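Just below is one structure, and these are the notes that go with it.
The values are calculated or read from the model by the stated rules, or taken from the named source; none is laboratory data. The model shown is predicted, which means the values in this text are computed figures rather than measured ones. Just so you know, the surface numbers come from the protein's heavy atoms only, side chains and all, with ligands and any DNA or RNA stripped out. Shrake-Rupley method; radii C 1.70, N 1.55, O 1.52, S 1.80 Å.
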Amino acid sequence: MKQKNISEYIKRLLILVLGLTIAHLGVTLFLLSNLGSDPFNVLIQGISHILPLSHGTCHQIICFLILGILLFTARSYIKAGTFICMFFGGPIIDFFTFLLKGIINTSSPMAVRFLSLVLGCFILAFGMTIVIKSDAGTGPNDLVGLVISDKLHKPFGICRVIVDFSFVIIGVLLGGIFGIGTIICAFLIGPIADRFLPVSERLVNTLLKK
């Protein structure tokens with residue numbers, strides 16, 4: 001039984017990595033469109049604007065701060081996959097950026113950039129729901145909406161929209177910059193994720209049975 005549990009957990013971690021890779025392909029398409037940062041990074045921009053720290057350093061600090069709060073309020077949500085999401089997201093984005101930067105960039109037609117933005121949001125939402133349904137952990141910024149949704153018994157999509165707009169508002173007040181892509185992302189990710197959650201749950205269950 002113990003060996004079976006270990007085997008299943010390894011499968012869940014592999015499914016999480018699959019979801020993480022899909023999600024960060026979406027993030028890459030979003031970033032390459034260059035039409036605005038995602039809501040969480042607007043918050044990071046704002047914080048790095050008032051602190052003498054790099055964007056990456058502020059990102060890590062905020063992630064660890066979220067984890068610190070969750071340790072006291074919702075410890076069960078922090079799992080091994082949470083740390084995988086924290087440390088492997090960046091390299092995955094770098095890999096996809098290397099592959100796609102020659103195809104999608106600021107010199108691309110606006111229609112291509114806008115399509116990349118919207119497609120990126122759909123792919124990000126799909127990948128994120130696979131990560132969530134893997135039940136092996138979720139990235140710190142995604143955990144905020146998930147925990148609020150579970151605690152208040154409200155749809156994840158609505159909670160995600162509220163959290164994303166909170167990130168944007170706080171970030172802008174601190175000096176962060178947003179664009180049309182930021183607003184589109186904030187409106188789309190939550191509702192799209194709501195649609196994908198049952199699909200991803202069935203996918204994860206199918207993969208676990210193999």
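A few notes on this one:
- Note on the range 1-113: Lys pairs 8 or more places apart or on different chains, Cα atoms under 29 Å apart, count 4.
- For Lys209, the aspartates and glutamates whose Cα comes closer than 20 Å to its Cα, not counting residues fewer than 8 places off in the same chain, are Glu8, Asp135, Glu201.
- Separation of the range 145-172 from the range 83-116 is 25 Å, based on Cα centroids.
- Degrees separating the helix 39-50 axis from the principal Cα axis of the chain, which is the longest one: 60 degrees
- Angle in degrees between helix 55-73 and the longest Cα principal axis of the chain, rounded to the nearest 10: 40 degrees
- Dividing the summed -39500 (n - 2.57) terms of all DSSP H runs of n ≥ 4 by the residue count of the chain sets its mean residue ellipticity at 222 nm at -28000 deg cm²/dmol.
- Where the chain is the region considered: accessible area per residue in Å², 1.4 Å probe: 52 Å²
- Its alpha carbons give the range 54-210 an Rg and a Dmax of 16.4, 49 Å.
- Bridging of Lys151 to aspartates and glutamates at a Cα separation below 15 Å is possible for Asp142, once same-chain residues fewer than 8 apart are set aside.
- Residue-wise HN-Hα couplings along the range 127-139, as the Karplus relation 6.51 cos²θ - 1.76 cosθ + 1.60 with θ = phi - 60° gives them from phi, are x, 4, 6, 5, 4, 4, 6, 5, 6, 10, x, 9, x Hz; Gly and Pro carry x.
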